[in-house]
Every structure is written in C-alpha cells, then in structure tokens.
1. For segment 1-50, give me each residue that is among the β-branched types (Val, Ile, Thr) and more than 16 Å from the ligand (Cβ to nearest atom).
2. Identify the single condition in (1) of a type in the set (Lys, Arg); (2) under 14 Å from Val310 (Cα atoms); (3) within 13 Å of the ligand (Cβ to nearest atom) that Lys264 does not satisfy, given that it satisfies every other one.
3. Would you mind finding the one in Thr378, Thr357, Thr283 that is more than 16 Å from the ligand (Cβ to nearest atom), polar (S, T, N, Q) and within 26 Å of the chain's Cα centre (by Cα)?
4. If you go through segment 287-303 one residue at a time, do you hit one that is within 16 Å of the ligand (Cβ to nearest atom) and within 26 Å of Ala24 (Cβ to Cβ)?
5. So, in segment 243-255, of the ones that are more than 10 Å from the ligand (Cβ to nearest atom) and touching a helix residue (DSSP H, G or I) at 6+ places or on another chain (Cβ under 6 Å), which residue ends up farthest from Ser369 (Cα to Cα)?
6. Looking for whichever is within 16 Å of the ligand (Cβ to nearest atom), more than 26 Å from Val347 (Cα to Cα) and touching a Leu at 6+ places or on another chain (Cβ under 8 Å) here; the options are Ala212, Ala233, Ala227, Ala273. Which one fits?
7. Restricting to segment 251-281, count the residues that are surrounded by fewer than 21 Cβ atoms within 10 Å (Cβ to Cβ) and in contact (Cβ under 8 Å) with a residue 60 or more places away in the chain.
Amino acid sequence: MAAAPAEAAMPAWWRVVSEVAYFAALAAVIGGALVYLAVVRPVLRSDVDVADRGAAHRATVRLLAWCGPLLLVAAYLQLAGRVARGVKGVTFGEALAPSRIWSFLTVPGPHGAWVSSGTLTLIQNICYALAAIALLTLFVWDRPTLVTATVLPLAVLGTVVLALPTTWAGQTVDTQLNSWLTQVHILGACAWLGGLFGLAVVGRARGFGERAGLCWARMWQRFSSVALVSVGAVVASGVWLAWRHVGTVGQLFTTTYGRFLLVKLIIVAAMVAAGAYNQLALTPRIARAHAEGDLGRGFALTLRHFPTVVAVETVLGLAVLTIVPFLTGSARTQAGGPPAPAVDGGVLALGALLVVTLVASLYASYRVSTLLTRRAQTT
Ligand code: HEM
C-alpha cells in the first residue's frame, strides 16, 4: 500500500543564504586552486610574453587571496546554519554565537559511535580555517604554488570528512555509496564552477598585451580538459542522486522536489551547451585566427568573447547552487511512492554502463575538438 505523500517543506531564508554562500566559497577555493595548479601555472611557465605573465599572475594571486576571507565567512555561516538546523528552538541569529557553536561541536556522540558528528564538523572547519589563513598570506607573500598545493587538499578534506559515518553499525553499500557519491558531486561541481569563475575573473584583468591571445588560447584549451572531467563526475554522481530521490520521470513534474530538480537540470544543460560551443566552435576559430597571424582577432576571441561565455556559465552555475537548498526531502516520498530499491548487481551494472558511456562521449567530444582545432590551424 502506497505511503501518504510527504509535504514539501521550503527551506528558511538563512538556510538558502548560508548553503549558497558555503558552496560558492568552496567552489571558488577548490576550483581556483585547481585551475592555478593545472591551468594557469603550467601555461605561465611556458613561452609567454612577460607582460601577459605578470598580468595573469597578479590577477590570479589577488583572486585567490580574496577567497580567504570569503571562505572564513561562508564556513562560519554554514556552521551556524548546522546549529540552527541541529538544535531545536535555536534561531539562526542565536546560532551565530560562538558559545552556541562550541557546545554544538562538543556534544558527545551516541553510544557505540567511534566519533561524534560534532568532532567531524570541527575537523571540517579547522581544515577550512587553515585553508583560509593560507590564502590570506597571498596578500603579503607571493607564493601561489605552495599556497594552492596546501589549500587544495585541506579544502577537499574539509568536505569529504563529513562522508565518514560516525558508527559502522548499520552501514550498507547504499549508505556508503550515497555518502561518497555526494562528495564526488560536490567536488566535481566545485572544480567546474570554481574553475569557470576563476578564469572569467582573471581573463578580465588589465595589463594583457596584443599577443595575450596566444597564452589564453592555451589556458582555455587546458581548462577544457579539467571541465570535461568535472562534468563527467557531476553528471555520473548526479544521476545516482537523482535515482535515489526521483522514482519516475513523472515525479519531475508532479512533485515540488522534482520540479526544482528539473529546473536545475535545464540550467545545467544550458551550461554544458555553452561549454560545447566554447570547445567545438570558439577554440577552432581561435586556432584559425592565430594560424593566419591575426593576433587582433585572436585577442578578441580569447579575451573578450570566451570570457563572456564563461561568465554566463558562471552565473548559470550560481543559479544551480541557489536551487540546491530547495532539494529537500525526496520526490519519491512527496509522491507517496516507495523509497529507492536497495542497490543490487543490476543497479551497479547499470551505473557502470552509464559511467562508461559518459566517459566515451566526453572523450569523443575532446577528440572532435582537437581534430577541428588542428584542421583550423592547417587549412
Ligand atoms: C553545475 C552542475 C551542478 C552543480 C553545481 C550541482 C551542485 C549540487 C550540490 C552542491 C548539491 C548538494 C550536495 C549535498 O550537500 O547534499 C547537489 C545535490 C544534488 N544534485 Fe547537483 N549539481 C549539479 C548538477 C547536477 C546534475 C547534472 C544532476 C543530475 C543528473 C544533479 C542532481 C542532484 C541531486 C538529485 C541532488 C540532491 C541530493 C539530495 O537531495 O540530497 N546535480 N548538487
């Protein structure tokens, strides 16, 4: 017999603000550090004009430094949000008090727990505080490689530590898969959105010379590989999360949870389309302009057109993050349907098939882009 449909609860304003701020700050830090190490630094160490190297370096260091205070404020709001959600009768305003937060973090764990959830949350925020302090040093200390190589593992550890169960009793394949795939989802989303945001900001910096298009063509090409892997991680883990919470396609239209997810998916599809445009249309056009020696057009395409498309993607990404707090409850329960079936061999095989298909299609799009770019350089 079907269960009674569950009411859809709208999140309080402070929950929306604190969660969006948290994921946006985490994306800026993780995506920013990753893009510096995997895209900006390797390109600036290659054959680039001194003026362009200086302009890109200064803009990147300045952006990363400002991510420090951003992370501190966002992590504190997120922590207060956890207290307001976790302690009955405490308002968000009251939860901002350090004493409230400390008593929340020091609540002992239930009998049989190897650690309390307060301790895991404390470890999370110690990681974020250390990462923020390291980023703040960039205001006075120009060592972005050392700082980002420290910040990236700290920020990643800060989010994945909450995937650890506080008790091993009752843990199943389902619960473990859900915890870790949620982290894959968050990390993939942070790398993608934070990378887009970082390059959109640095690409708009002043001081680039007329040959800067050559250096930026390499930046965008390197970033497209980072973006492809991140998109793959977000989509594969997203399909798992969607399967857990949505029982039928119909529930995407008939339930509040489903409708919010549908809007999210439409926005993500627009982001993927913009990314495909950059990779399959703009990148070959940049290659042709440079092959014809037209530095002016190369500059316009790499430092005007491309950053504009990326800035639009970043704004769409922020819209996606704004929808996330509204994904509360589940479409399955809101429709009065059964919860997701337990994971079995069939589900795992389907999941593996999905991942293989996704990897193959992303690799194919990478190959096509490389082919189109090569052809543009030779014809
Ligand atoms: C730009 C792309 C995306 C971003 C930035 C993003 C971001 C997020 C974030 C931050 C969460 C919250 C994770 C948590 O703490 O529980 C989330 C949850 C979720 N995402 Fe995404 N996501 C993206 C794309 C997708 C895609 C493509 C799908 C589906 C195919 C998807 C399905 C879901 C679902 C179902 C949840 C809710 C999980 C729950 O109710 O606990 N997301 N997403």
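The values are calculated or read from the model by the stated rules, or taken from the named source; none is laboratory data. None of the values given here were measured: they were computed from a predicted structure. Note that we place each Cβ from the backbone using ideal geometry, even for glycine, and neighbour counts take in every protein chain shown. Calculation scope for accessible area: heavy atoms of the full protein, side chains included, ligands and nucleic acids excluded. Shrake-Rupley method; radii C 1.70, N 1.55, O 1.52, S 1.80 Å.
1. Correct list: Val39, Val40, Val43, Val48, Val50.
2. Failing condition for Lys264: (2).
3. On the way: Thr378 fails: within 26 Å of the chain's Cα centre (by Cα); Thr357 fails: more than 16 Å from the ligand (Cβ to nearest atom).
On inspection, the qualifying residue turns out to be Thr283.
4. Narrowing segment 287-303 to residues within 16 Å of the ligand (Cβ to nearest atom): none.
So far as segment 287-303 goes, no, none of its residues is within 16 Å of the ligand (Cβ to nearest atom) and within 26 Å of Ala24 (Cβ to Cβ).
5. Thr255
6. Numbers: Ala212 fails: within 16 Å of the ligand (Cβ to nearest atom); Ala233 fails: more than 26 Å from Val347 (Cα to Cα); Ala273 fails: touching a Leu at 6+ places or on another chain (Cβ under 8 Å).
Among Ala212, Ala233, Ala227, Ala273, only Ala227 is within 16 Å of the ligand (Cβ to nearest atom), more than 26 Å from Val347 (Cα to Cα) and touching a Leu at 6+ places or on another chain (Cβ under 8 Å).
7. 8
Condition check ((1) under 13 Å from Leu34 (Cα atoms); (2) of a type in the set (S, T, N, Q)) across all residues:
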site: Cys127; (1), (2): no, no
site: Ile133; (1), (2): no, no
site: Phe139; (1), (2): no, no
site: Pro144; (1), (2): yes, no
site: Thr148; (1), (2): yes, yes
site: Val156; (1), (2): yes, no
site: Val161; (1), (2): no, no
site: Thr166; (1), (2): no, yes
